[in-house]
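Structure first, commentary second.
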Amino acid sequence: MNLKFLKNLRNKAFHVVIRKHSNEVSSKIRNIGIIAHIDAGKTTTTESMLYHAGAIKRMGKVDSGNTVTDFLPSERARGITVQSAAVSFNWNDTCLNLIDTPGHVDFTVEVERALHVLDGAVTVLDGSRGVEAQTRTVWRQADKLNVPRIVFVNKMDKSGADFAATVLSLQESLSAKTFIIQFPVMTNEFSGLVDIVNGTVSKWQAIDNPDSFCTVALTEEDNILWKNYIGLKQKLIEQLADLYDDIANMYLTEYTDRIDKFPSKPLVTSLSHAVKNFNAIPILCGSAVKDIGVPSLLDSVIDYLPSPDNSNTNLSIKNKDSLVGYAFKVVHHKRFGPVVFIRVLSGSISTGNKIFNGSKDHSETVSQLYTVFADEYKPISKASEGQIVAITGLKFTGTGDTLFEKNAEANENLAPVTIPQPVYFCTIEADTQTELKALNRCLTVLIREDPSIRIKMDSNSGQTILCGMGELHMDILIERIKNEFKTNCYIGPIQVAYRETLLEKTQRCKFSYNRTVLEKTHNIEMELTADPIKSDDISISTKITDITPEVRMAIKDGILQACQSGPMMGFPLMRVKISVRKFKMTSNSPKTIVTAAVVNMVQEFFSQANFCVLEPMMDIEIVTHSNKLDLVLKSLAQKHATISEVKGYEIERYVSARAPVSEMLGFASKLRSISSGNADLTLEVCGYEVVSNENIETLRSRLIGGVSYK
């Protein structure tokens, strides 16, 4: 920090403004999420929070399958979180609405939709691993949705845990503005915590017995701890002095030589403001499985993460007293039916209310409101601003919908949840008409619960295609269809979803369509151009003024249908912009005729253009023991992976690579086998690349007799 700059601030008053809200209830609420890489300890941290808050009498264990938030059979069987779970509990007179999110990349959508309704998040890191692959993914999601964060460096009792290295990985990998407010006491093992803000040290006589700890003021008698404490507190004060005049003034005028006497209250106030404005990431540490450091983490959630009346929600609300709610999750309850989870952004909602779904343009009726504790529901009569509640009775509302008071003046709809394109699929068929009805009901429920699931029909075979985000995602879907919904059906092997795209811009082309239907002739003409684009979507431009909205919609429907089957191998198109330059038609041609004509003409247009096949690619991260590194690298080479980096220390090595998704089918099982279970694998879809000419025929022969993805 520049001392000259500080001296110029001597006479400036401390001024940290935190907006107050008339609703005192919402200031006593924290809506937070637990986000992290898989196995960093999110669910265990949640369990420890619930235990300390008195919400549960005994801590469950992930390995034992008895934690509160991992209640699905698939979660307990696998020891991982599959869907986000909400719990509400009290800590220090504040209500915490907490969402425990999955850490596996296949369930990134679960994290995304939870972050839409959170005011803050706790990022959990494995103290022996630092920033991992999925940490970067959830961090980017939180950045995109403007969610303030604090970091809990977990597993400090684990062999190889390194607090300083973990903080450095945050700074280097995520460019995080780290503000260390705790550091661990490490003797022969992790035995305590130093609170830098309050100047206290908590030590445990026996690390396996959290009740054996005591917290006392840190003194100079603790020689090494004292030096580390003074150095880190001075750094913390200087970091805050760079942001706030008042801290700089206090530091220069009163506490330059008395760092340990600097009061905690202005540090907490200014740090809270810095977190809200994305200028600081407070760093804490502990061990959730040993139940150490979690009470101070709960205190920090209340001290540093914003309340609903002080959050960064970017929503234009015309009437602050009227209801605005955001639906972020739907689950199917065996007794209640569809249950919709919402965050109340303004106003209030009561049982029996008539509400309006602005996203679906449809009215709904609230049958019953509930507060949620994982899979337990407690009925309530009313929910106010800032609360996260569950609702039954909503027939049309889904993920990403915005809810208003019935007949209220129109407000702005919140942005929907971003859903990536699925890259895996399989065929699914019922044997009988009765089973087909049961299967359709099952798929309807699953799609409403999980918007990342897609159902398509193969136009050639008539088969139903089930699409998902990854192998694990598909495995759990299939498991739920068979076991939870008791649906008898044939499910084909999991396959990869290829795409096709345009290689170069086309010239303007003219097409005509002439058909006689019921003695009436329909003549339709259209002129088109197409351009390759960077977005993974289909863009349609119909800047024609002399057509009705109904015809415009029919044209768009026809183009989208045509884009479901590319000219090379029948894969759906992506990264293409279709521009309709001219359109003429016989008067009174029905919409169905227009759509059919457009499909015919666009497909003819595609057959004349230059296309290529795209395949989805995966970023790969593997952590393995050094003595297994050669086997891991050999296996990756067999999968045509490109190795980008190998790093690490004597015991563990980190391998980064990239490979086609098609090569990664079944790779997790193979890796476990060759490494004797001593390797961790993270896979994340990272985009699409052109399939080389030499691999096109291999792909074509592989798909002969199979189903093309549409």
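The values are calculated or read from the model by the stated rules, or taken from the named source; none is laboratory data. Everything numeric here is computed off the predicted structure, so don't read it as measured data. Using ideal geometry, Cβ is built from the backbone for each residue, glycine included, and neighbour counts are taken over all protein chains shown.
Put simply, of I476, I428 the only residue that is in contact with a strand residue (DSSP E or B) (Cβ under 7 Å, 6 or more places away or on another chain), among the β-branched types (V, I, T) and not assigned by TED's automatic domain parsing to the domain that holds D536 is I428.
Candidates are the residues of segment 200-216 that are assigned to a helix (DSSP H, G or I) and in contact with a strand residue (DSSP E or B) (Cβ under 8 Å, 6 or more places away or on another chain); the one that is modelled with the lowest pLDDT is P210. Scanning segment 61-79 for residues that are closer than 22 Å to Y377 by Cα and part of a loop (DSSP other than H, G, I, E, B) turns up G65, N66, T67, V68, T69, D70, F71, L72. The number of residues in segment 668-688 that are crowded, with 20+ Cβ neighbours inside 10 Å, of a type in the set (A, V, I, L, M, F, W, C) and within 15 Å of Y424 (Cβ to Cβ) comes to 2.
Every condition in (1) under 18 Å from R335 (Cα atoms); (2) of a type in the set (A, V, I, L, M); (3) surrounded by 16 or more Cβ atoms within 10 Å (Cβ to Cβ) is met by L414 except one, and the failing one is (1). Does L225 meet the test of being closer than 20 Å to F183 by Cβ, buried (at least 18 other Cβ atoms within 10 Å of the Cβ), among the hydrophobic types (A, V, I, L, M, F, W, C) and touching a helix residue (DSSP H, G or I) at 6+ places or on another chain (Cβ under 7 Å)? It is false that L225 is closer than 20 Å to F183 by Cβ, buried (at least 18 other Cβ atoms within 10 Å of the Cβ), among the hydrophobic types (A, V, I, L, M, F, W, C) and touching a helix residue (DSSP H, G or I) at 6+ places or on another chain (Cβ under 7 Å).
A single entry from E220, E254 fulfils the requirement of being outside the structural domain of K144 (by TED's automatic domain parsing) and surrounded by 12 or more Cβ atoms within 10 Å (Cβ to Cβ): E254.
Kindly check whether there is at least one residue in segment 285-296 that is in the same structural domain as E189 (by TED's automatic domain parsing), more than 22 Å from T178 (Cβ to Cβ) and of a type in the set (A, V, I, L, M). Yes, segment 285-296 contains at least one residue that is in the same structural domain as E189 (by TED's automatic domain parsing), more than 22 Å from T178 (Cβ to Cβ) and of a type in the set (A, V, I, L, M).
Does segment 181-188 include one or more residues that are modelled with pLDDT of 90 or more, out of contact with any strand residue (DSSP E or B) (no Cβ under 6 Å at 6 or more places or on another chain) and closer than 28 Å to A36 by Cβ? I'd like the intermediate steps shown before the answer.
Here is the first cut: in segment 181-188, the residues modelled with pLDDT of 90 or more are 181-185.
Narrowing the set further to residues that are out of contact with any strand residue (DSSP E or B) (no Cβ under 6 Å at 6 or more places or on another chain) leaves none.
Looking for residues that are modelled with pLDDT of 90 or more, out of contact with any strand residue (DSSP E or B) (no Cβ under 6 Å at 6 or more places or on another chain) and closer than 28 Å to A36 by Cβ, one finds none in segment 181-188, hence no.
Residues satisfying the criterion are absent from segment 168-191 (criterion: farther than 30 Å from F278 by Cβ, touching a residue at least 24 places away in the same chain (Cβ under 8 Å) and polar (S, T, N, Q)). Out of Y251, Y244, one residue alone is of a type in the set (F, W, Y), modelled with pLDDT of 95 or more and out of contact with any strand residue (DSSP E or B) (no Cβ under 6 Å at 6 or more places or on another chain). It is Y244.
Of the set (1) touching a residue at least 60 places away in the same chain (Cβ under 8 Å); (2) assigned to a helix (DSSP H, G or I), all apply to L96 but (2). Go through segment 537-575 and give me each residue that's among the hydroxyl-bearing types (S, T, Y) and in a loop (DSSP other than H, G, I, E, B). T542, T545, T548, S565, listed by residue number. For segment 273-286, indicate whether the set of residues that are touching a helix residue (DSSP H, G or I) at 6+ places or on another chain (Cβ under 6 Å), of a type in the set (A, V, I, L, M) and over 19 Å from L174 (Cβ atoms) is non-empty. The answer is no, given that none of the residues of segment 273-286 is touching a helix residue (DSSP H, G or I) at 6+ places or on another chain (Cβ under 6 Å), of a type in the set (A, V, I, L, M) and over 19 Å from L174 (Cβ atoms).
Here are some conditions: (1) over 22 Å from the mean Cα position of the chain (by Cα); (2) at pLDDT 95 or above. I34 meets all but one. Which one does it not meet? Answer for I34: the failing condition is (1). Of the residues making up segment 257-269, those that are of a type outside the set (D, E), assigned to a helix (DSSP H, G or I) and surrounded by fewer than 21 Cβ atoms within 10 Å (Cβ to Cβ) are I259, K261, S264, K265, P266, V268, T269.
Table: residues versus (1) closer than 26 Å to H333 by Cα; (2) outside any loop (DSSP other than H, G, I, E, B).
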site: T46; (1), (2): yes, yes
site: M59; (1), (2): yes, no
site: V82; (1), (2): yes, no
site: Q134; (1), (2): no, yes
site: R140; (1), (2): no, yes
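Scanning segment 433-470 for residues that are free of Cβ contacts under 8 Å to residues at least 12 places away in the same chain, surrounded by 15 or more Cβ atoms within 10 Å (Cβ to Cβ) and more than 25 Å from T108 (Cα to Cα) yields a single hit, L436. For the criterion of being among the hydroxyl-bearing types (S, T, Y), in contact with a strand residue (DSSP E or B) (Cβ under 8 Å, 6 or more places away or on another chain), modelled with pLDDT of 95 or more and outside any helix (DSSP H, G or I), T123 passes. State which residue is farthest from the chain's Cα centre (by Cα) when the search covers only segment 350-369 and only residues that are surrounded by fewer than 21 Cβ atoms within 10 Å (Cβ to Cβ) and over 12 Å from G393 (Cα atoms). So, considering only residues that are surrounded by fewer than 21 Cβ atoms within 10 Å (Cβ to Cβ) and over 12 Å from G393 (Cα atoms), the one farthest from the chain's Cα centre (by Cα) is S350. Residue check: is D619 of a type in the set (D, E), assigned to a strand (DSSP E or B) and either more than 24 Å from G468 (Cβ to Cβ) or in contact (Cβ under 8 Å) with a residue 60 or more places away in the chain (or both)? The answer is yes for D619. Before we move on, is S348 closer than 23 Å to P416 by Cα and modelled with pLDDT under 95? It is true that S348 is closer than 23 Å to P416 by Cα and modelled with pLDDT under 95.
Inside segment 142-175, residues that are charged (D, E, K, R), under 19 Å from the mean Cα position of the chain (by Cα) and either surrounded by 16 or more Cβ atoms within 10 Å (Cβ to Cβ) or not in a helix (DSSP H, G or I) (or both) make up a count of 1.
Out of V124, V151, one residue alone is out of contact with any Lys or Arg (no Cβ under 9 Å at 6 or more places or on another chain) and of a type in the set (A, V, I, L, M, F, W, C). It is V151. Residue-level check: of (1) within 29 Å of T94 (Cα to Cα); (2) crowded, with 18+ Cβ neighbours inside 10 Å, V423 misses just (1). Under the condition of being within 22 Å of G160 (Cα to Cα) and surrounded by 12 or more Cβ atoms within 10 Å (Cβ to Cβ), the residues counted in segment 633-647 number 1.
Evaluate segment 517-527: report whether one residue or more is under 30 Å from P660 (Cβ atoms) and outside any loop (DSSP other than H, G, I, E, B). Within segment 517-527, none of the residues are under 30 Å from P660 (Cβ atoms) and outside any loop (DSSP other than H, G, I, E, B). Of everything listed in (1) out of contact with any Leu (no Cβ under 8 Å at 6 or more places or on another chain); (2) part of a helix (DSSP H, G or I); (3) modelled with pLDDT under 90, the single unmet condition for E684 is (2). Against the list (1) at pLDDT below 90; (2) of a type in the set (A, V, I, L, M, F, W, C); (3) assigned to a strand (DSSP E or B), the condition C426 fails is (1).
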